[in-house]
1. Would you mind stating whether ASN223 is in a helix (DSSP H, G or I), more than 12 Å from the ligand (Cβ to nearest atom), out of contact with any strand residue (DSSP E or B) (no Cβ under 9 Å at 6 or more places or on another chain) and not assigned by TED's automatic domain parsing to the domain that holds ASN112?
2. With respect to PHE162, determine if the residue is assigned by TED's automatic domain parsing to the domain that holds ILE85, within 16 Å of the ligand (Cβ to nearest atom), within 17 Å of GLY129 (Cβ to Cβ) and at pLDDT 95 or above.
3. Hey, could you check the range 111-121 for residues that are buried (at least 21 other Cβ atoms within 10 Å of the Cβ) and under 25 Å from LEU58 (Cα atoms) and say which is farthest from the chain's Cα centre (by Cα)?
4. Could you list, in sequence order, all residues of the range 253-311 that are more than 12 Å from the ligand (Cβ to nearest atom), in contact (Cβ under 8 Å) with a residue 40 or more places away in the chain, among the hydrophobic types (A, V, I, L, M, F, W, C) and within 16 Å of PRO232 (Cβ to Cβ)?
5. What is the residue count in the range 44-62 for residues that are over 21 Å from the mean Cα position of the chain (by Cα) and touching a residue at least 24 places away in the same chain (Cβ under 8 Å)?
6. So, in the range 1-51, how many residues would count as being among the hydrophobic types (A, V, I, L, M, F, W, C) and over 30 Å from VAL295 (Cα atoms)?
7. In the range 132-143, which residue that is modelled with pLDDT of 95 or more and not in a strand (DSSP E or B) is nearest to the ligand (Cβ to nearest atom)?
8. Any residue in the range 122-131 that is more than 24 Å from ILE339 (Cβ to Cβ), under 14 Å from the mean Cα position of the chain (by Cα) and within 16 Å of the ligand (Cβ to nearest atom)?
Amino acid sequence: MIKVEENVSLKPYNTFGIGVNAKYLCRVTSVDQLVDLLQSPVFKQEQHYILGSGSNVLFTGDFDGLIIKDELKGIETVQENDSQITVKVSAGENWHEFVMHSVLNDWGGVENLSLIPGTVGAAPMQNIGAYGIEIKNLIENVDAVELSTGILKTFSNEQCAFGYRESVFKKELAKKYFISSVTLSLSKKNHQLNTTYGAIQETLKEMKVTLPTIQTVSNAVINIRKSKLPDPIVIGNAGSFFKNPTIALEQYKELQKSNATIPGYPTDNQSIKVPAGWLIEQCGWKGKRINNVGVHPQQALVLVNYGNGNGDEILSLSKKIQADVLEKFHIVLTPEVNIL
Ligand code: EPU
């Protein structure tokens, strides 16, 4: 049985805390329920949007359609030996709770991705990443239901076509599938810890850790994120609002002439990824506030809602930032957040 709620406030379901309403909302707790919903008139007649925990979305107005709220739960062991475990995690599980479950069990791989907001199902969608690790490094496959047929398909890691904050589910197959579970392989011994990221090394030192473990790396990441990124429960935000832009090496060299400190990370021989946070800070936006919304004082890549901001205020702030970065650096910033 499916239950469709009408005229539902989305304020608790988006981490920006924007107070808009959805015409319809359906909480899906199993694949069977989803398949029933796909055959229902409300699905056939209305536009829809699949919502995990709303940590990467900006609502700029009421949603005139059906919100499908992913609430599929469960963690299942698919395969296990002395050194590896493969787990299938339902899409509606909270990502950080799954990371904590892994850390507690001493399963290695996801510790650098501690405290990332969102659901497990949203993680492959945008190939979440932090501190030198992307989820694509750990994914075996992704199960997803085709919305037009209700057929459950398994996508191999390769078929997911992962890129920087990208996957096939955001590109060619955008809006065509509902991710129902994600299968990941994690280590049980000889863990390959990734502590190369500068901030992790510094934090481990401050924590007086000489031999890092999954637990201490996870704690270091949690400490870094808590110090730089606002807690959405306290201040509305959706993490990085923009992607870090990739520019041509020649343009980077040109910019270095007048901006000696410009950071950059080569992505290949010809391109450099530049931290958008740095560009935004150089334009003077860090810590600025316009009425109800602003740019976070500790991390300029994060736009925040101080309380009663609406989606249009955030969007208009983001456009001002894009215009300034374009004017000063001739670099186009692209939102990482889905704008509806
Ligand atoms: N920087 C500044 N000013 C700022 C912010 C950053 O100058 O206000 C510069 C600094 O030079 C810093 C560099 O930018 O060394 C990188 O900053 P940071 O380590 O905070 O990472 P980021 O590139 O801004 C990315 C991800 C984050 C992820 C961190 C850590 C994107 C769009 N964002 O941010 O992901 O947590 O790396 O790995 O790739 C998210 O996607 O929502 C997110 C928070």
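1. Numbers: in a helix (DSSP H, G or I): yes; more than 12 Å from the ligand (Cβ to nearest atom): yes; out of contact with any strand residue (DSSP E or B) (no Cβ under 9 Å at 6 or more places or on another chain): yes; not assigned by TED's automatic domain parsing to the domain that holds ASN112: yes.
Yes; evaluated as a whole, the condition is true for this residue.
2. Details: assigned by TED's automatic domain parsing to the domain that holds ILE85: yes; within 16 Å of the ligand (Cβ to nearest atom): yes; within 17 Å of GLY129 (Cβ to Cβ): yes; at pLDDT 95 or above: yes.
Answer is yes for this residue.
3. SER114
4. VAL304
5. Taking the range 44-62 as the starting set, the residues that turn out to be over 21 Å from the mean Cα position of the chain (by Cα) are 44-47, 61-62.
If we keep only those that are touching a residue at least 24 places away in the same chain (Cβ under 8 Å) as well, we get 61-62.
Number satisfying all stated conditions: 2.
6. Keep residues of the range 1-51 that are among the hydrophobic types (A, V, I, L, M, F, W, C), which gives 1-2, 4, 8, 10, 16, 18, 20, 22, 25-26, 28, 31, 34-35, 37-38, 42-43, 50-51.
Add one more test, that the residue is over 30 Å from VAL295 (Cα atoms), and what stays is 1-2, 4, 25-26, 28, 31, 34-35, 37-38, 42-43.
So the count comes out to 13.
7. Among residues in the range 132-143 that are modelled with pLDDT of 95 or more and not in a strand (DSSP E or B), the one nearest to the ligand (Cβ to nearest atom) is ILE135.
8. yes
The values are calculated or read from the model by the stated rules, or taken from the named source; none is laboratory data. The model shown is predicted, which means the values in this text are computed figures rather than measured ones. Note that each Cβ is placed from the backbone with ideal geometry, even for glycine, and that neighbours are counted across all protein chains shown.
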